[in-house]
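Notes follow the structure.
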Amino acid sequence: MASRPALDVWLYDTLIGTLSEPTYGKLRLDYSTEAEARFRPGSIVLSTSMPVNADRRPRGDVVRAFFDGLLPEGDARGALSDEFSVRRGDHFGLLSAIGRDCAGAIVLVPAGTPAREPDSRVEPLSELALEDLIAHLRERPLGADIDVRVSLPGAQEKLLLAIAPDGSWGRPLGGAPSTHILKPQDMRFGSYAAAEAFCLDLGRKLDLTDVGSYVVEIAGRPVIVVSRYDRRRAQTGVVRVHQEDVCQALGIDCSDQPRRKYQSNGGPSLAAFARVLAEFAPIKDRSKLLALTTLNVAVGNADAHAKNISIIHDEAGAVRLAPAYDVTPTTFYTNIPTPDGLKDMTDKLGMWVNGKRSVHDVSAEDLVGEGTVWGLPESTASHVVSSTLEGIHRHIPAAAKSAKIPEAMVDFVASRTAALVAGKSPPLAVR
């Protein structure tokens, strides 16, 4: 099969390189001289796994790991492939079709074309049009079509929109950046949207995130609206902020094995990610990662896998832990209807804590032990864990009231937090 036209890779308004496919399924990245001139040789502004070097061409698994990591997973990827007449499994073809607005500051366009079309804009949406987009996300994930070329990782149904100049919702046309993610609730999980809003509120009160969130009803379903932390407003308009998830940062290719984002399926550990933070980020970020891990354990979130934690890369090349996102009390949910009958949500951790594989087996001592493995002094790790648990306990009532979660969920999180404070492993359930 002949090689296909290459893609220009834009980052922070600089043509950082060219992505090509010399042979089918094999990707190569050629950094530009402009990239070295602006970001300096060796900069990790694109990825910690691919330092900028115009004389060396990253290729193979590390390139595919990063760029495939920009695409949705599962049924959403298949539906988008069908929408854009791309053969299923053709990762490069799908990147060519929907790479104009990705996670972070990456923009992918056919070689030689501008990063943003001249007529890019936010097209206001009517209420009926918004309801239609939400109602048909399964057939048209992300709201992508010929005019809206957007991509975002994950398997959950979601819609990418932007705020129009008048404050209403709009579709980001022609490469305009999206600003918000709308996630309709899977109705098998009662109050799931409110549960995520509750956990994000706790995260904000603990200074672990600045992601804004609220729940509305659209097309008969609760929908959580989440602001994108990889976007910021400037005098010139909305600006993209670069980020990458743990798999991308470590060069772990999940393209053919989506479940590799879980440590139990050969994915990365918290310790491996902490080593990235130790090398490139301030020491306080390892403390924040430990606080985030403590929050996940306290609320019963077993799904904190390697694509649900990320780092931010600023224009100067500095790295910091990204704000918390996708935090929910997954293990609260039991007897979920599936094709194989009723099942509980798994308690197996996406990334283990001090060797413990179940979120129900982790104690405060385990959290401290995990932090010391990352190089944190035991006194620092102990303070982070205890102060985070105290903060969760203190903020549960206000966060629960704001998100309007069921009393049973409040009791679930409160009892888990209390057990951790008391030096015990959290209870399995309180229902």
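Structure values in brief
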| quantity | calculated |
| --- | --- |
| Hits in the stretch 1-53 (condition: in a loop (DSSP other than H, G, I, E, B) and among the acidic types (Asp, Glu)) | Asp13 |
| Number of the exception - Lys343 against (1) of a type in the set (D, E, K, R); (2) over 20 Å from the mean Cα position of the chain (by Cα); (3) closer than 27 Å to Gly251 by Cβ | (3) |
| Answer residue from the stretch 174-216, given it is within 16 Å of the chain's Cα centre (by Cα) and among the hydroxyl-bearing types (Ser, Thr, Tyr) and is farthest from Ser387 (Cα to Cα) among those | Ser178 |
| Pairs, first in the same structural domain as Leu160 (by TED's automatic domain parsing) in the stretch 53-77, second acidic (Asp, Glu) and surrounded by 15 or more Cβ atoms within 10 Å (Cβ to Cβ), C-beta under 6 Å, six or more apart | none |
| Test: residue in the stretch 406-423 that is in the same structural domain as Val299 (by TED's automatic domain parsing), over 24 Å from the mean Cα position of the chain (by Cα), of a type in the set (Ser, Thr, Tyr) and modelled with pLDDT of 95 or more | yes |
| Looking only at the stretch 331-350, and only at residues there that are surrounded by fewer than 22 Cβ atoms within 10 Å (Cβ to Cβ) and of a type in the set (Val, Ile, Thr), the one that is modelled with the lowest pLDDT | Thr338 |
| Lone qualifier among Gly167, Gly190, Gly212 - being within 21 Å of Ile134 (Cα to Cα), touching a Ser or Thr at 6+ places or on another chain (Cβ under 6 Å) and surrounded by fewer than 23 Cβ atoms within 10 Å (Cβ to Cβ) | Gly212 |
| Test for Gln235: is it surrounded by fewer than 18 Cβ atoms within 10 Å (Cβ to Cβ) and not assigned by TED's automatic domain parsing to the domain that holds Thr338 | yes |
| Scope the stretch 173-203; condition acidic (Asp, Glu) and under 14 Å from Ile396 (Cα atoms); matching residues | Glu196, Asp201 |
| Output for the stretch 306-326, where each listed residue is part of a loop (DSSP other than H, G, I, E, B) and hydrophobic (A, V, I, L, M, F, W, C) | Ala306, Ile309, Ala316, Ala318, Ala322, Ala324 |
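The values are calculated or read from the model by the stated rules, or taken from the named source; none is laboratory data. Note that the coordinates shown come from a computational prediction; the quantities given were computed from them, not determined experimentally. Using ideal geometry, Cβ is built from the backbone for each residue, glycine included, and neighbour counts are taken over all protein chains shown.
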